[in-house]
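Q: My structure is below; once you've seen it, I'll send some questions.
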Amino acid sequence: MEHIRLDRKGGVAVITIDRQEKLNALNARVQEEITEVFAAISPGEVRAAVITGAGEKAFVAGADVGGMQEMNPLEIREFGRIGTRMMEAIETAPVPVIAAINGYALGGGLELALACDIRIAAENARLGFPEVTLGIMPGAGGTQRLPRVVGSGVARELVFTGRMIDASEAKEIGLVDRVVEEGEALEAAKELARRIARNAPLAVRNAKIAMNIARNTDLASGIEHEGDLFALLFTTEDAREGMAAFSERRKPDFRGR
Ligand code: CO8
């Protein structure tokens with residue numbers, strides 16, 4: 001891997017995008033490496049993941065503008081597909097993914113954060129979709145995921161103006177879930193990941209699948225899927241262990257089976 005660092009401790013994987021000289025901007029290589037890392041996550045070993053940007057200045061400052069300038073429309077279409085594959089790899093990862101937004105999260109960088117399950121931002125984070133100021137528009141899910149997270153009007157305002165917002169405004173509109181002091185986003189995300197990692201992995205995984213389904217379907221179908229995923233957990237050792245531990249007033253020992 002050229003631009004991605006993967007550290008694993010206990011059940012928590014930390015994925016760091018490291019292209020600091022370009023504020024961690026996403027070229028095709030970075031995106032393919034991120035896709036690869038998420039595709040290789042084995043839920044037996046990893047129970048939660050954190051993704052962040054190297055350095056204190058940027059999470060990801062967007063797609064690589066210099067690289068995009070050189071591309072013809074067919075190449076840019078393929079570039080967009082590479083981006084979409086990365087977003088899907090994160091969104092459908094078999095474990096929760098937490099974005100630790102440690103600075104700029106712009107354009108494709110904010111699209112990446114939106115594909116994560118939970119977003120924690122440092123006070124110095126700046127978020128936005130500046131694409132229209134460059135004569136382009138979000139191209140890897142931004143116009144689809146942003147309205148689902150913050151609502152249609154706020155999403156339109158942000159995309160149409162290209163305005164950058166700070167972490168506290170992002171919290172106010174529900175774009176980030178928590179704001180922490182500058183320099184603390186990664187640690188806060190790891191702490192949350194460790195807490196998730198203590199729970200039964202298959203239960204967490206099925207709950208993630210159910211909530212992903214909720215975004216893409218009607219209520220009745222979603223509830224039907226939820227019922228199936230819920231019942232399926234009763235075939236697992238962890239469900240037996242978790243409920244037995246409760247009855248026996250001891251801590252459960254979850255194995256992910
Ligand atoms: N692409 C390429 N290089 C970048 C990018 C970027 N998005 N952002 C920063 N850099 C580079 C700068 O060119 C500079 O490099 P160099 O030193 O070689 O000139 C270096 O990073 C440091 O940046 P600055 O000197 O500009 O730092 P400042 O502190 O002055 O400014 C900003 C920081 C405000 C973040 C500024 O760098 C900026 O505005 N960056 C561009 C932000 C942007 O427009 N992002 C959106 C890009 S378009 C997009 O994301 C479309 C997504 C489409 C989907 C694709 C799939 C993911």
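Q: So, in the stretch 200-251, exactly how many residues are surrounded by fewer than 17 Cβ atoms within 10 Å (Cβ to Cβ), part of a loop (DSSP other than H, G, I, E, B) and of a type outside the set (Phe, Trp, Tyr)?
A: The qualifying residues number 7.
Q: Right, another one. Here's a check for you: in the stretch 81-109, which residue that is farther than 17 Å from Glu123 by Cβ and more than 14 Å from the ligand (Cβ to nearest atom) is farthest from the chain's Cα centre (by Cα)?
A: Filtering first and then ranking leaves Pro94.
Q: Sort out which residues of the stretch 38-91 are open to solvent by 30 Å² or more (accessible area, probe 1.4 Å), in a loop (DSSP other than H, G, I, E, B) and acidic (Asp, Glu), and write them in order of number.
A: Across the stretch 38-91, the qualifying residues are Glu45, Glu56, Glu70.
Q: Return a yes/no flag: does the stretch 148-159 have any residue that is open to solvent by less than 40 Å² (accessible area, probe 1.4 Å) and farther than 30 Å from Ala61 by Cβ.
A: No: zero hits.
Q: Suppose the filter is more than 29 Å from Gly10 (Cβ to Cβ) and in the same structural domain as Ala13 (by TED's automatic domain parsing); does Met86 pass it?
A: no
Q: May I ask you to say which residue of Ala89, Ala100, Ala105 is in contact with a helix residue (DSSP H, G or I) (Cβ under 6 Å, 6 or more places away or on another chain) and farther than 20 Å from Leu175 by Cα?
A: Step by step, each of Ala89, Ala100, Ala105 is checked, and only Ala89 is in contact with a helix residue (DSSP H, G or I) (Cβ under 6 Å, 6 or more places away or on another chain) and farther than 20 Å from Leu175 by Cα.
Q: Which members of the stretch 111-134 meet the condition of being near the ligand (Cβ under 8 Å from one of its atoms), part of a helix (DSSP H, G or I) and surrounded by 24 or more Cβ atoms within 10 Å (Cβ to Cβ)?
A: Within the stretch 111-134, Glu111, Leu112 qualify.
The values are calculated or read from the model by the stated rules, or taken from the named source; none is laboratory data. Since the structure is predicted, the reported quantities are computational estimates derived from the model, not experimental observations. Every residue, glycine among them, receives a Cβ derived from its backbone with ideal geometry; neighbour counts consider all protein chains shown. To get the accessible areas, we keep the full protein, side chains included, count just its heavy atoms, and leave off ligands, DNA and RNA. Shrake-Rupley method; radii C 1.70, N 1.55, O 1.52, S 1.80 Å.
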